[in-house]
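The values are calculated or read from the model by the stated rules, or taken from the named source; none is laboratory data. Small disclaimer: the values here were computed from a predicted structure and weren't measured. We place every Cβ from the backbone using ideal geometry, glycine too, and count neighbours over all the protein chains shown. Areas reflect the complete protein model, heavy atoms only, side chains present, ligands, DNA and RNA absent. Shrake-Rupley method; radii C 1.70, N 1.55, O 1.52, S 1.80 Å.
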Amino acid sequence: MARTADGPAISAAALTMRFGSFTAVQDVSFDVSPGEIFGFLGPNGSGKSTVIRMLCGLLRPSEGSGHILGMDSSREAESVKRSIGYMSQKFSLYPDLTVHENLSFYGRIYGLGRRLHERMDAVVKQLHLAPYVQRRAGALSGGWKQRLALACALLHEPRVMFLDEPTAGIDPVARRELWDFLYELAGRGVTLFVTTHYMDEAERCNRLGYIYLSRMLLLGTPDELKADPRVTPDSARWYEAGLDGVEPPLEKLGKQEGISDVTVFGNTLHLLADSRVSQPQLTELAGGLEFREGAPTLEDVFVRLTRLAEQQRRQP
Amino acid sequence: MMRGLGGIIYKEFIQITRNPATLVITLLIPIIQLIIFGYAIDTEVRNVRTQVLDLDNTPQSREFLNRFRATGLYDIRGYVASASELESAIVSGQASVGIQIPSGYGRELSGKRPAEILVLIDGSNNTIASQTMSTAQTLGIRMSIEQLSGSSPERSLLIDVRPRFLFNPALRSANFFVPGLVGVILFLVTMLLTSFAIVSEKELGTMEQLAVSPVSRGGLMLGKILPYLLLGMIQMNVVLFFAQFIFKVEIAGSLPLLELLALVFVFSSLGLGLIISTIAKTQLQAMLMSFMILLPSILLSGFIFPRESMPLPIYWISALLPVTYFVEILRGVILRSAGMEALWDEALILTCMGLLLLAIATVRFRKTVG
Ligand SMILES: Nc1ncnc2c1ncn2[C@@H]1O[C@H](COP(=O)(O)OP(=O)(O)O)[C@@H](O)[C@H]1O
Ligand SMILES: [Mg+2]
């Protein structure tokens, strides 16, 4: 079935999806290598879930094609379905069934047969679900629901996993644990396609794609994206300063010619200044804060490039 | 073709036994409906409230009123003093019938001119109206003949028409309604539960999860049909049992034949349930659509009103409803002990309808899932 071991695990070629006159996804192309964690970012409604649905064979693309392990997502949908795991952005298990029954059900519909119990035991162990097997899925907390959903999606040992906002609405500890588990999966050679809104999660991905208004704006490793010349204009530099409880004059800095993208991350002030503003001038403007040269964060990358795309769209 | 069927059935049965609503809908509500409908839909007319204006007040007029009373149809509740009072008793709903006996009735009985009795009838309930009218007229004719021939009531008639009822000898309306009710209940519940079972997966988002799994459409559809088919058959037997128990409606014909034909019928309601589930996005929508089909099925299937007396366009609509044929089958087997040789045409029509509806459901299912 699967063609070559070294071809891309997921491949999107000029994927386009139109709903009536509305274009939800426009000409999106990318490849994901086996064992890679690919992070897919973009504002709500930008088309992330629609891309996943096309790749999983749930939607037939209006144009272009998607391939999973070399198989066409729409023409070989049946084989594709056996090789992928999918966790939709909405919790989609049966709340009135217990953890055990949910697993048993998904195992049956994937036709695991004699391997059902062996596989159920394996995923229960991997995701530490043992204390909850007799509990109704509807009575689990958000983090445990996500674990159960992941367990169900992993029963048939898919080589490619699609996770649509798997950490939306779960607490930080559960989020951390989920990511640890995703690394474990990637280590075993499973290819992961994850959508998220969290920048720290984006940092954890091997490669990222950023989709904005149905188009793919950016594609690359986190470091590649931060080094993008469009993020840091020729003469400008990124600076940061420790705050140590000092209230920074954000408004004053923001109004200053030559300074932009003033943000506070926890205890650090972060900004972009061009050649009109020198480092000593910065310190003076900021009331004595010590600045050092920094690098753009992923958030800077997305904010600046979104703004750029907006400008280009307004004045073609 | 049927990939995933076992898994779906496994899950469906867990959900059925776990969800109290399903069990209430299938077992408790039908029994309540049976009791309510069975007692409420009663077309036997008795004890109609009657007021009397007796302006004559002679032994003859009192004898006349006694004859009215003896029919059991008129319940003389009281006497009024004037014609306007009599009319207002009917207008206000206090009485459905008003009998006015003119003064001089006793005298005119033996005179040349006919004695005129006025019977005021509230026409707003046509069943009561027609029965009280025809009985009053019959009574008038009988008493006229007796008066003319001077004979005793027993030997007064030259022609005596004596009807004999072949089935349902006591003419109990329960015998007429209960078999139809069994059909209507079976229809509603199987249609509603199948559409709910599918629409709830859409609402939960699990339908999308099923669509990325290797479950085939055939497996999913059949997995959603078979559990409710079984539930429907169990339910029919429970309702039949209670019908015998409460209303003494015995099954005159063959029970296995009835079960077989019910099975044929249920495919139509399951097919309709599937079609509804391809249109409805929420369980509320599914419920409203089911009731849109249910309403004509109750009113036009012959369950309440005889099809023979329907206007032609309505009659043709009733011919399109699966319930029409099943009610016919139920009455046939339960009351008339009819066999396959009498019911083959209804059975054939139901088979065709079931196949057609399932075919439409299959085509539509393909479009909406996945
Ligand atoms: N089945 C559909 N029919 C019509 N419009 C849709 C459909 N699915 C998604 N959309 C629209 O496509 C756009 C992208 O949706 P989606 O892919 O869900 O975005 P995201 O996952 O990035 O939030 C949205 O504007 C959404 O309303
Ligand atoms: Mg989405």
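Which semi-axes, in whole Å and largest first, does the equivalent ellipsoid of chain B have when worked out from the alpha carbon gyration tensor as the square roots of 5 times its eigenvalues?
Details: eigenvalues 639, 93, 55 Å².
Rounded to whole Å, the semi-axes are 57, 22, 17.
Dimensions of the protein assembly as shown based on its C-alpha atoms, expressed as ranges along the principal axes with the largest first, amount to 134, 62, 50 Å.
Averaging sequence separations of C-alpha pairs under 8 Å and six or more residues apart, then dividing by the length of chain B, give the relative contact order as a whole percent. Don't skip to the answer; put the middle values down first.
Values: 476 pairs, mean separation 76.0, N = 370.
About 21 percent, as a whole number.
Going by alpha carbons, how many degrees (0 to 90, nearest 10) lie between the helix axis of B:217-247 and the longest principal axis of chain B? Value to nearest ten degrees: 30.
Other residues with beta-carbon under 14 Å from the beta-carbon of residue A:294 carry, at +1 per Lys or Arg and -1 per Asp or Glu, a net charge of -3. Put a dot 7 Å past the Cα of residue A:234, heading toward its Cβ, do the same for residue A:313, and the two dots end up 2.8 nm apart.
The magnitude of the dipole of the stretch A:10-224, with charges of +1 and -1 set on the Cβ of Lys/Arg and Asp/Glu and taken from the Cα centre, is near 700 debye.
If I take R0 = 60 Å and measure r between the Cβ atoms of residue A:188 and residue B:127 in this structure, what FRET efficiency does the formula 1/(1 + (r/R0)^6) give, to the nearest 0.05?
On the way: r = 78 Å, r/R0 = 1.29.
Between residue A:188 and residue B:127 the formula returns 0.20.
What the protein assembly as shown shows is 48 Å² of accessible area per residue, with the surface traced by a 1.4 Å probe over protein heavy atoms. Among the listed pairs A:125/A:226; A:90/A:125; A:90/A:252; B:224/B:248, which are separated by more than 32 Å between their Cα atoms? Over 32 Å Cα-Cα: A:125/A:226; A:90/A:252; B:224/B:248.
Contact order normalised by length for chain A, with contacts defined as Cα pairs under 8 Å and 6 or more residues apart; what percent is it?
On the way: 557 pairs, mean separation 58.1, N = 316.
Reported relative contact order: 18 percent.
For residue A:101, neighbours were defined as the other residues whose beta-carbon sits under 13 Å from its Cβ, and their charges (Lys and Arg +1, Asp and Glu -1) total +3. The Cα center of the stretch A:285-316 and the Cα center of the stretch B:236-264 differ in position by 78 Å. In this label model, residue B:348 and residue B:57 are separated by 7.1 nm, measuring between points 7 Å along each Cα→Cβ vector. Estimated from helical segments only, the mean residue ellipticity of chain B at 222 nm is -22000 deg cm²/dmol, where each DSSP H run of four or more residues counts as -39500 (n - 2.57). Taking both sides together, the accessible area buried where B meets A is about 2400 Å² for a 1.4 Å probe. Available extension along the chain between residue B:19 and residue B:46 is 5.3 nm, counting 0.36 nm per residue and deducting the alpha carbon span.
Each Cα pair of the stretch A:10-224 feeds into the Kirkwood radius, which the Stokes-Einstein equation turns, at 37 °C and 0.692 mPa s, into a diffusion coefficient of 186 µm²/s. Simple point charges give the picture: +1 on the Cβ of Lys and Arg, -1 on the Cβ of Asp and Glu, and for the stretch B:267-358 a dipole about the Cα centre of about 280 debye.
Each of A:94, A:169, A:199 was scored by the projection of its Cα onto the charge dipole of the stretch A:10-224, and the greatest displacement toward the positive side belongs to A:94; charges sit on the C-beta of Lys, Arg, Asp and Glu. Around the amide H of residue A:25, modelled in the peptide plane, lie the amide H atoms of A:17, all under 5 Å away and 5 or more residues distant in sequence or on another chain.
Mind checking which aspartates and glutamates have their C-alpha under 18 Å from residue A:81, skipping anything on the same chain fewer than 8 residues away? Excluding near neighbours in sequence, the set is A:72, A:157, A:164, B:208.
Find out how many positive minus negative residues lie around residue A:174, taking Lys and Arg as positive, Asp and Glu as negative, among other residues whose Cβ is under 12 Å from that of residue A:174. Provide the component values of the computation, followed by the final result.
Numbers: positive: A:145, A:147, A:175, A:176; negative: A:171, A:177, A:180.
So the surrounding residues net to +1.
The relative contact order of the stretch B:1-120, computed from alpha carbon pairs under 8 Å that lie at least 6 residues apart in sequence, is 25 percent.
By average Cβ neighbour count within 10 Å, what is the ranking of A:295-301, B:341-347 from highest down? Write out the running numbers ahead of the final one.
Numbers: A:295-301: 19.7, B:341-347: 14.3.
In decreasing order of mean packing, A:295-301, B:341-347 become A:295-301, B:341-347.
Compared with the dominant principal axis of the Cα atoms in chain A, helix A:172-187 is inclined by about 70°. Here the spin labels are modelled as points 7 Å beyond Cα on the Cα-Cβ line, and at residue B:245 and residue B:79 they lie 5.1 nm apart. Measuring heavy-atom accessible area with a 1.4 angstrom probe and counting protein chains only, the residues of the stretch A:45-64 that give up at least 30 Å² relative to the chain alone are A:58. Taking a point 7 angstrom from the Cα of residue A:181 along the C-beta vector, which residues in the stretch A:110-137 have backbone N less than 11 Å away? Counting backbone N atoms under 11 Å from the label point, the list is A:123-130.
Under 5 Å between amide hydrogens, built in the peptide plane, is the criterion, and for residue A:98 it picks out A:137 among residues at least 5 positions away or on other chains.
Return the carbon/sulfur percentage of the accessible area of the stretch B:48-165, one whole number, probe 1.4 Å, all protein chains in place.
On the way: 3890 of 7510 Å².
That share works out to 52 percent.
Cross-linked pairs B:11/B:281; A:145/B:202; A:48/A:255: Cα-Cα separations exceed 30 Å for A:48/A:255. With a Förster radius of 51 Å applied to the C-beta separation of residue B:291 and residue A:274, the computed FRET efficiency comes to 0.15. If I take R0 = 41 Å and measure r between the Cβ atoms of residue A:135 and residue B:284 in this structure, what FRET efficiency does the formula 1/(1 + (r/R0)^6) give, to the nearest 0.05? For residue A:135 and residue B:284, the calculated efficiency is 0.90. Only the Cβ atoms of Lys and Arg (+1) and of Asp and Glu (-1) were treated as charged; on that basis the dipole of chain B about its Cα centre amounts to roughly 740 debye.
For the stretch A:232-295, taking the reciprocal of the average inverse distance between every pair of different Cα atoms yields a Kirkwood hydrodynamic radius of 11.5 Å. Against the main long axis of the alpha-carbon atoms of chain B, helix B:322-336 sits at an angle near 60°.
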